[in-house]
Amino acid sequence: MPTHLLLIVAVGAAIGFLGGLLGKGGSAIATPVLVAFGVPPIVALAAPLPATVPGTLVAADSYRRAGHIDRDVLVWSLVAGIPATIVGAYASRFVDARALVLVTDAMIAVLGIRMVLSASEAPAVAPMPVRRSLILAVAIVTGLAAGLLANSGGFLLAPLFIAVLGMGIKPALGTSLAVAAVLAVPGTLIHLALGHLDVAVVAAFALGSVPLSRYGARVGLRTDPTRLERGYGVALFVLGTAFLLTAFV
């Protein structure tokens, strides 16, 4: 296997582990890293998406076995998230993507700070009718962002599940993985139709990411919930801030 493909396998492994641990597909992180390794930007944007589907499903299965997927949140997130993702993908031609990325990165950083400060607090759970309205709102926002930014939306799902729905950290991560796996499908099909998928890059990325996704999920499941939420908050803050700084360099 050529050296650059071995590097892509390594990137996929790292992203897969973080994705399983942090409840996200990892495509938002993978794209700039792949570009740094010389992968053409449009290929780097599209390649992680197909690997996101099996990788997040593998990680989500670990959370499912432990009883950490909220089926009500999963179903209603998909009902609203799938059409929102399609609308977002179509609207991407009319929206300033750079401005949207900056807003998203800032939101991630703020949500990270919030989680660090409130990790030990008991979550406030809304009544069912209100909760379902909140689920739909979260799914629409996440789906639109996923379509506009060509990723699975996992970077927003889990923190919004925690901040808006009052979910515990492990159910939020498990449910986020399951939703993100499905939301990655429309983007994958669009990029496939546009000819943006490099089979070798996709295969190399998946080779590293899929097995490590399950390992990341297992580490997350074995971690104390309060410690996991604080660590997750720190990770979000660091990633959001790093992305913001990179955008202005």
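The values are calculated or read from the model by the stated rules, or taken from the named source; none is laboratory data. On a predicted model such as this, the values are computed, not experimentally measured, just so you know. For neighbour counting, all protein chains shown are included, and Cβ atoms are generated from backbone atoms with ideal geometry for every residue, glycine included.
Inside the range 212-223, can you point out the residues that are under 17 Å from the mean Cα position of the chain (by Cα) and of a type outside the set (A, V, I, L, M, F, W, C)?
Passing the criteria: S213, R214, Y215, G216, G220.
Within the range 86-99, is there a residue that is out of contact with any Asp or Glu (no Cβ under 7 Å at 6 or more places or on another chain), within 30 Å of A200 (Cβ to Cβ), at pLDDT below 75 and of a type in the set (S, T, N, Q)?
Within the range 86-99, one or more residues are out of contact with any Asp or Glu (no Cβ under 7 Å at 6 or more places or on another chain), within 30 Å of A200 (Cβ to Cβ), at pLDDT below 75 and of a type in the set (S, T, N, Q).
Residue check: is R131 at pLDDT below 85, surrounded by fewer than 24 Cβ atoms within 10 Å (Cβ to Cβ) and either under 23 Å from V9 (Cα atoms) or not acidic (D, E) (or both)?
The answer is yes for R131.
Being within 21 Å of V35 (Cα to Cα) and assigned to a helix (DSSP H, G or I) is the filter here; which residues of the range 234-249 pass it? Write out each step before concluding.
Step one: filter the range 234-249 for residues within 21 Å of V35 (Cα to Cα), giving 238-249.
Across the range 234-249, the qualifying residues are V238, L239, G240, T241, A242, F243, L244, L245, T246, A247, F248.
Would you check which residues across the range 192-238 are touching a helix residue (DSSP H, G or I) at 6+ places or on another chain (Cβ under 9 Å) and among the acidic types (D, E) and list them?
Of everything in the range 192-238, those that are touching a helix residue (DSSP H, G or I) at 6+ places or on another chain (Cβ under 9 Å) and among the acidic types (D, E) turn out to be D198, E229.
Mind checking whether some residue in the range 21-39 is touching a Leu at 6+ places or on another chain (Cβ under 6 Å) and at pLDDT 75 or above?
The answer is no; no qualifying residue exists.
Among the residues of the range 34-72, write down those that are assigned to a loop (DSSP other than H, G, I, E, B) and among the aromatic types (F, W, Y). Give the derivation first.
Our first condition is that a residue be assigned to a loop (DSSP other than H, G, I, E, B); within the range 34-72, this holds for 37-40, 47, 66-70.
Answer for the range 34-72, where residues must be assigned to a loop (DSSP other than H, G, I, E, B) and among the aromatic types (F, W, Y): just F37.
So T104 clears everything in (1) closer than 14 Å to F237 by Cα; (2) within 15 Å of the chain's Cα centre (by Cα); (3) modelled with pLDDT of 70 or more except one condition, right? Which one?
(3)
Residues T226, T188, T175: which one is touching a residue at least 24 places away in the same chain (Cβ under 8 Å) and under 13 Å from the mean Cα position of the chain (by Cα)?
Working: T226 fails: under 13 Å from the mean Cα position of the chain (by Cα); T188 fails: under 13 Å from the mean Cα position of the chain (by Cα).
Criteria check complete, one pass: T175.
Kindly provide the set of residues from the range 27-69 that are more than 30 Å from L5 (Cα to Cα) and surrounded by fewer than 20 Cβ atoms within 10 Å (Cβ to Cβ), ordered by number.
R64, R65, A66, G67
Would you check which residues across the range 193-223 are at pLDDT below 80 and of a type in the set (A, V, I, L, M, F, W, C) and list them?
Correct list: A193, L194, L197.
Checking the structure you have, find out if any residue of the range 224-246 is at pLDDT 80 or above and in contact with a Phe, Trp or Tyr (Cβ under 8 Å, 6 or more places away or on another chain).
no
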